[in-house]
Amino acid sequence: MNCSISGEVPEDPVVSKKSGLLFEKRLIERHISDYGKCPITGEPLTADDIIPVKTGKIVKPRPVQAASIPGMLGMFQIEWDGLMLSNFALEQQLHTARQELSHALYQHDAACRVIARLKKERDEARGLLAQAERQIPMAATTAVGTTAVSNGKRVAEDEDMGPDGKKIRPGISHSVIETLTECNAGLSQQRKKRQIPATLAPVDAVARYTQLNSFPLHKTNKPGILSLDIHYAKDIIATGGVDSNAVVFDRPSGQIISTLSGHSKRVTSVKFAAEGELVVSGSADKTVRVWQSSENGNYDCRHVLKDHTAEVQAVTVHATNNYFVTASLDSTWCFYDLASGLCLTQVADSSESEGYTSAAFHPDGLILGTGTSGSLVKIWDVKSQANVAKFDGHVGSVTAISFSENGYFLATAAHDGVKLWDLRKLKNFRTFTPYDENTPTQSVEFDHSGSYLALGGSDIRVYQVASVKAEWNSIKTFPDLSGTGKATCLKFGPDATYIAVGSMDRNLRIFGLPGEDQMEG
C-alpha cells in the first residue's frame, strides 16, 4: 500500500479515521499543522483523527546502479571525477587571488613612494616660498625712501593719524569729482542711444546652452571658486579661490596665464581694470592687492593695501578705470586711486553695525550699491559719500549685487532669493525664490547688454529681462555639476555667448553652444 500524498510505500504508516486513507506519518502531520484538513478529501482533520498502522520493517530495494559491482564502480568514478574538478577549480581561484593580492601590494607600495616624494617636494617648495617672502619685504624696504610706498602700503612714519586714532584720508578732491561727473555725463548720453547689439546671443540659443568645458584652476586640498570676472576684449577670466590664489585664465586656448599668489586666506573678490593690465583682488586676510601684467605674461603684485580691519568681501572698479572701491566686514568701504594705491576716503555708516558683504558701481559711476550682513541694501552718492537710499526685505547676508546696463534695475541676492529693485521709484518690483529656505542664493548677475539675468545657488538659472510689469521668463536651468550644491559666482561672456560659473569645487565651468565653441577652438 502506498501513501496517498507521496505515492510511495510509507516507512511509518498511519490511517485516517474519517476517510480510511493511508499516509506517511511525517507528511500528514505537517499538512495538518499547516492546513488542518485532509489533503485528499478536504475534510477537517486533526492529529487525533489518525491511527498508526503496525507493519513489518520495510526494506527498500537498491537502485539499479548499486545492484552490481560494475555499477557501484561507475558511481564511485563519477563522484571521484566531480571531486577532482571541484578541487581544480578551487586551486585556480586560489592562484588568481594570489596574483591580485600581489598586484595590490605592489600598487600600494608604489603609491606610498609617490606620496612620500610629493610631501618632500611640497616641504621644499614651502621652504623656498617662506624664504622668498622674507627676502621681498627686505628688498622693497631697502629700495624705497621713507616717503615712498612700500608694497603698496605707506611707511608707518609717513601716515597722519587723527585725534580718534584713525588715519586721516585726503578725501575725494574736486578734480576727481569732475572726472567722475564727466564720465557719468558721457555714459548717460551713450545709454540714451544704446541699442541691443546684433551679435547678442538670442534667447533660443541661450535655451540650448550646455556645459562645454570644465577647467581645474585651483588646488584640490582647498577647493572652491568664490569670485570671477571676465575681460570682454581679451576674453580672459580671473577667478578667486579658497586656496588663497587668484588665477588669470585664457578661455579660448584653455590655458592658465598666471597664478596670483600672495594672499594668506581665501580670495573673496577679483576684478579686471585698465584694459586687463591690472587685477584687483580682495581677501579674507583683510588686504587688497593690485596686480600688474608684465612682459612675460605673469601678473606681479604692485600694491598691498591694508586699510581694512576685517575681511574684504567685495571689490568693484569704476567705469573710468582710474578708481575702485573695496567693501569689508569692518563696516566700511574705501575709495582708492588705482594708479597710486592710495585710499582717498574710508566711509563708515555710524548708524549701522553690520559689515559689508557685496558692492558694485552703477554703470554711470556716481552711485555705489552695497549689501550688508544685516540683510540691508544701501545706495551711496559717491561724490558726497552720503547714504541716499536703503532697501530692506531680504533674509540673511546680501551675497551679491548687480546693476543692469539700462541704469534702472538693481538685482540683489541673499539667503531668501533674488530681489529686483526699480531705482527710479526706489522699490522692489519682483522677487525670485528659486530654492527652499535652507538653500541660499549665492550669486546674481545681469549680462552686459541688460538683456539677461542669471542667478546661482544649488543650480544656475537664466531669465529674460523684461519691464517692471511684464513677466521675466525663465529661459534655462543648468544643474550644478560640481556636486557641491553651491554655484558661488557667475558671469556672462561677451554678448552672452557663454556663461562662466564657479562653484565650491576647484573647476571653472563654461556653458554655451557646442558648435560655436568648436569653431572658436
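Can you name every residue in region 155-206 that is at pLDDT below 75 and more than 23 Å from N321 (Cα to Cα)?
V155, A156, E157, D158, E159, D160, M161, G162, P163, D164, G165, K166
I51 - would you say it is open to solvent by less than 80 Å² (accessible area, probe 1.4 Å), part of a helix (DSSP H, G or I) and not small (G, A, S)?
No.
Taking the stated definitions as given, is S402 part of a loop (DSSP other than H, G, I, E, B), of a type in the set (S, T, Y) and crowded, with 20+ Cβ neighbours inside 10 Å? Step through it out loud before you land on a result.
Numbers: part of a loop (DSSP other than H, G, I, E, B): no; of a type in the set (S, T, Y): yes; crowded, with 20+ Cβ neighbours inside 10 Å: yes.
Here the answer is no, as S402 does not meet what is asked.
In this structure, does S503 turn out to be closer than 18 Å to N438 by Cα, buried (at least 19 other Cβ atoms within 10 Å of the Cβ) and of a type in the set (G, A, S)?
Considered against the rule, which asks whether it is closer than 18 Å to N438 by Cα, buried (at least 19 other Cβ atoms within 10 Å of the Cβ) and of a type in the set (G, A, S), S503 comes out as yes.
Restricting the first residue to region 423-452 and requiring it to be among the basic types (K, R), which pairs with a second residue that is surrounded by fewer than 19 Cβ atoms within 10 Å (Cβ to Cβ) meet a Cβ separation below 8 Å and a spacing of at least six or different chains?
R424/Y408; R430/V468; R430/W472
Would you please list the contacts, defined by Cβ atoms under 6 Å and residues six or more apart or on different chains, that run from a residue in region 181-196 that is surrounded by 14 or more Cβ atoms within 10 Å (Cβ to Cβ) to a residue that is of a type in the set (D, E) and assigned to a loop (DSSP other than H, G, I, E, B)?
Hits for this filter: N184/D364; L187/D364; S188/D364.
Which ones in region 1-33 are open to solvent by less than 30 Å² (accessible area, probe 1.4 Å) and over 18 Å from G56 (Cβ atoms)?
S16, F23, I28, I32
Would you tally the residues in region 194-250 being touching a helix residue (DSSP H, G or I) at 6+ places or on another chain (Cβ under 7 Å), farther than 24 Å from G457 by Cβ and of a type in the set (A, V, I, L, M, F, W, C)?
1
Could you grab me the full set of residues in region 453-474 that are part of a strand (DSSP E or B) and open to solvent by 30 Å² or more (accessible area, probe 1.4 Å)?
Selection gives R461, Q464, S474.
Just to be sure before I move on: is A110 at pLDDT 90 or above, within 43 Å of the chain's Cα centre (by Cα), assigned to a helix (DSSP H, G or I) and not basic (K, R) in the structure I sent?
yes
Report the residue count in region 248-293 for those that are touching a strand residue (DSSP E or B) at 6+ places or on another chain (Cβ under 6 Å), under 20 Å from K491 (Cα atoms), of a type outside the set (A, V, I, L, M, F, W, C) and in contact (Cβ under 8 Å) with a residue 60 or more places away in the chain.
1
Yes or no: region 235-243 includes at least one residue that is aliphatic (A, V, I, L, M), under 17 Å from Y452 (Cα atoms) and in contact with a Phe, Trp or Tyr (Cβ under 9 Å, 6 or more places away or on another chain).
Looking through region 235-243, none of the residues is aliphatic (A, V, I, L, M), under 17 Å from Y452 (Cα atoms) and in contact with a Phe, Trp or Tyr (Cβ under 9 Å, 6 or more places away or on another chain).
If D495 satisfies all but one of (1) open to solvent by 30 Å² or more (accessible area, probe 1.4 Å); (2) at negative phi, what's the number of the condition it fails?
Here D495 meets the rest and fails (2).
Out of the residues in region 378-398 that are among the β-branched types (V, I, T) and within 15 Å of S443 (Cα to Cα), state the one that is surrounded by the fewest Cβ atoms within 10 Å (Cβ to Cβ).
Within region 378-398, the match that is surrounded by the fewest Cβ atoms within 10 Å (Cβ to Cβ) is V395.
Report whether or not T431 is in a strand (DSSP E or B), of a type outside the set (A, V, I, L, M), modelled with pLDDT of 90 or more and surrounded by fewer than 21 Cβ atoms within 10 Å (Cβ to Cβ).
yes
Has region 479-500 got at least one residue that is touching a strand residue (DSSP E or B) at 6+ places or on another chain (Cβ under 7 Å), in a strand (DSSP E or B) and free of Cβ contacts under 8 Å to residues at least 24 places away in the same chain?
Within region 479-500 (the criterion being touching a strand residue (DSSP E or B) at 6+ places or on another chain (Cβ under 7 Å), in a strand (DSSP E or B) and free of Cβ contacts under 8 Å to residues at least 24 places away in the same chain), the answer is yes, since at least one residue qualifies.
For region 206-311, please list each of the strands (runs of 3 or more DSSP E) lying entirely inside it that holds at least 1 residues being of a type in the set (K, R) and in contact with a Pro (Cβ under 7 Å, 6 or more places away or on another chain).
In region 206-311, no matching strands (runs of 3 or more DSSP E) lie anywhere.
Report, by residue number, each residue of region 476-488 that is surrounded by 19 or more Cβ atoms within 10 Å (Cβ to Cβ) and of a type in the set (A, V, I, L, M).
If the condition is that a residue be surrounded by 19 or more Cβ atoms within 10 Å (Cβ to Cβ) and of a type in the set (A, V, I, L, M), then A487 is the only one that fits.
Would you pick out the residues in region 435-450 that are at pLDDT 90 or above and open to solvent by less than 30 Å² (accessible area, probe 1.4 Å)?
T441, S443, V444, F446, D447
The values are calculated or read from the model by the stated rules, or taken from the named source; none is laboratory data. All figures in this text were calculated on a predicted structure; none of them were measured in a lab. So basically every Cβ, Gly included, is an ideal-geometry build from the backbone, and we count neighbours across all protein chains shown. In case anyone asks, the SASA skips ligands and DNA or RNA and just uses the protein heavy atoms, side chains included. Shrake-Rupley method; radii C 1.70, N 1.55, O 1.52, S 1.80 Å.
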